[in-house]
Amino acid sequence: MTQQQISAHVEQLRLQLKESLLLDLDDYGLAEQSTGEFNSTFIGVQLNSAFQPIYDSEAGDLYGHEAILRPSLGGELASTPDFAFTYAEQTGKLVQFDRVSRTLHVLNFKQIYAENGLLFIKVHPKLLTSVNEHGKVFEHILHSNSVPTSRVVIEIQEGYIEQDKQLSEAIDNYRDRDYRIAIDGFGSAKSHINRLWNFSPDYVKLDAGLIQQAENNDRIRKALPGLVKVIRDLDAKPVITGIETQVQLNIAIESGGTLFQGDFLGKPVAAKELQPSKLFRSKTSAPVGVAA
């Protein structure tokens, strides 16, 4: 891309962000790197996108990616998404910070796929109960970057939201705009099992602790297939997350699950660092004691 093309591209983004996010480019701190990826600096925090692959064992290939925020202070001192969002809330910029983060993920997601694959992306729980017309602003950003809302899975940490009515309204708003819905972290102490049938999510992402505990806990290991079946009986797709070892992957396969995520299969990295899915095929080909 020539310098003239880069300037034209950035100017186009300036107009999109001003219209959709009510932010000027200078406030957003958007910068395009030589790799074609974007980062930004907002309220003094440098933001980068990382993507962790989600694999489909039936297809033997990638199913999508979860976008993960990688914040840092001054571009050097790494921080956590929780700290960054808490800081944004304390400065009264939570809504803008969340929108800026998701916009950054979309711009970088385009580096991974031209037309295929899903983008799984978290929405801060407090935004689900504090804003109206959920997904409207984000829809503008997606469409302006040729990403249909049907390729975006909104991850909801329902255990952090007590009000069923507000959660239901938020989910309905997203569905009306053709987003897909995932209940995230299901199986944690804060989960509400009745929400599986009350809200009919498209995906249920199991809490990472379940598969990790199952490696050393026979009771959890034996319970996983039943949990996977319940989710499927409710017409949702289970996603087993937190897989960190070959043993855990074997347990996930034994449970009847087919969508897998975890550092053993692929750590969160920048889009340009993502590797082809050959590694996944080798790790899922006929594990000991498991039918291929």
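The values are calculated or read from the model by the stated rules, or taken from the named source; none is laboratory data. Fair warning: this is a prediction, and the values are worked out from it, not measured in the lab. We place every Cβ from the backbone using ideal geometry, glycine too, and count neighbours over all the protein chains shown.
Some points to look at:
- Picking from residues in segment 87-97 that are in contact with a Leu (Cβ under 9 Å, 6 or more places away or on another chain) and surrounded by fewer than 22 Cβ atoms within 10 Å (Cβ to Cβ), the one that is farthest from H140 (Cα to Cα) is L94.
- Any chance F83 is aromatic (F, W, Y), assigned to a helix (DSSP H, G or I) and closer than 18 Å to L30 by Cβ: no
- Here E66 fulfils each of the conditions (1) within 22 Å of H143 (Cβ to Cβ); (2) modelled with pLDDT under 85; (3) among the acidic types (D, E) apart from (2).
- Within segment 75-110, considering residues that are in contact (Cβ under 8 Å) with a residue 24 or more places away in the chain and of a type in the set (S, T, Y), the one farthest from K272 (Cα to Cα): T91
- Of all the residues in segment 187-239, those that are modelled with pLDDT of 95 or more, of a type in the set (K, R) and within 20 Å of G159 (Cα to Cα) number 2.
- I141 being under 18 Å from the mean Cα position of the chain (by Cα) and modelled with pLDDT under 85: yes
- Of the criteria (1) of a type in the set (A, V, I, L, M); (2) within 21 Å of P238 (Cα to Cα); (3) out of contact with any Lys or Arg (no Cβ under 8 Å at 6 or more places or on another chain), which one A170 fails: (2)
- Helices (runs of 4 or more DSSP H) wholly inside segment 127-211 containing at least 3 residues that are touching a residue at least 60 places away in the same chain (Cβ under 8 Å), buried (at least 16 other Cβ atoms within 10 Å of the Cβ) and touching a helix residue (DSSP H, G or I) at 6+ places or on another chain (Cβ under 7 Å): 136-144
- Of the listed requirements (1) closer than 15 Å to P53 by Cα; (2) at pLDDT below 85, H105 misses just one: (2).
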